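Notes to accompany the following structure.
The values are calculated or read from the model by the stated rules, or taken from the named source; none is laboratory data. What you see is a predicted model; the values in this text were computed from it and never measured. Positions of Cβ are backbone-derived with ideal geometry, glycine not excepted, and every protein chain shown enters the neighbour counts.
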């Protein structure tokens, strides 16, 4: 990393956040320990090849690889009693866990798929890269291609596979990265707040207090987080909505969509789709990409259109 990028990150994030994130990235990725989970299979690279070999041995690898291209659209209404009328019907395109350099055919399917969609705002909840270390060039090339069809405004956060060194390039593409920050969105003088935190799963440099600092207590607010694992803190911070990903819905599931593992320290009902915790509505995307091995079984990839709706007061 050049001194220019280091200085850029320090100015953009502040000296403490930049130093934390860069310092953890420069350590050797841990398979055991660190992070919220004890076991981090995404950092065990020899296991990736072993799993791929076993899937080929059983004859289901190529089937699962084809199923990874079976991208689907999910529509989800989010009802909020205090939503300002001018935001009723606002639609958010939610992308997550793209892993753009993992399966080039899947990236092309995603680009062609989202180009046809109609929405007001695009949000991305992290994991642009396949591996957790190494070059970011292929992932950033994939993002540049994807951004040619995405309609602004675009907001995003980083995931546990992502390097903070991606931020300058992503922001050059027109993506507003929310790293323990919030932005105000206005419509006909009404206000809605969108916040985002840095990765809470492995790097653990998230700061919900900082992200919520400038949000009025009575305002409607939406939190972007890579992982659902901070659901309790997010709900008690006062966020109305939490959009996240990370779990892939299990990616390799038993018939009926039952995940073998979610790689997330949260209740299983939060592993995919919509859920609720106290007064906060949550949604966990199963993502459009694949991790560790480029297959999906009984868990098709998805992108989601969230529509905000004003509901009757409780």
(message) Quick check on residue 183: is it over 29 Å from residue 112 (Cβ atoms), more than 16 Å from the chain's Cα centre (by Cα) and not in a helix (DSSP H, G or I)?
(response) yes
(message) Condition check: surrounded by fewer than 18 Cβ atoms within 10 Å (Cβ to Cβ) and touching a residue at least 12 places away in the same chain (Cβ under 8 Å). Does residue 207 satisfy that?
(response) yes
(request) Answer with yes or no whether residue 162 is in contact with a strand residue (DSSP E or B) (Cβ under 9 Å, 6 or more places away or on another chain), within 19 Å of residue 6 (Cα to Cα), surrounded by 23 or more Cβ atoms within 10 Å (Cβ to Cβ) and at pLDDT 95 or above. (result) no
(message) I'd like to check something: does segment 253-261 contain any residue that is crowded, with 16+ Cβ neighbours inside 10 Å, touching a residue at least 12 places away in the same chain (Cβ under 8 Å), within 16 Å of the chain's Cα centre (by Cα) and farther than 21 Å from residue 184 by Cβ?
(response) no
(request) Six or more apart or on different chains, Cβ under 9 Å: which pairs go from a residue in segment 15-34 that's on the phi > 0 side of the Ramachandran plot and surrounded by 16 or more Cβ atoms within 10 Å (Cβ to Cβ) to one that's in a loop (DSSP other than H, G, I, E, B) and at pLDDT below 70? Could you list them? (result) 34/40
(request) Take residue 289 and decide whether it is buried (at least 19 other Cβ atoms within 10 Å of the Cβ), closer than 18 Å to residue 127 by Cβ, in contact with a helix residue (DSSP H, G or I) (Cβ under 9 Å, 6 or more places away or on another chain) and in contact (Cβ under 8 Å) with a residue 40 or more places away in the chain. (result) yes
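Yes/no matrix, rows are residues, columns are (1) surrounded by fewer than 21 Cβ atoms within 10 Å (Cβ to Cβ); (2) in contact (Cβ under 8 Å) with a residue 40 or more places away in the chain:
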residue	(1), (2)
229	no, yes
233	yes, no
263	no, yes
272	no, no
277	yes, yes
282	no, yes
297	yes, yes
308	no, yes
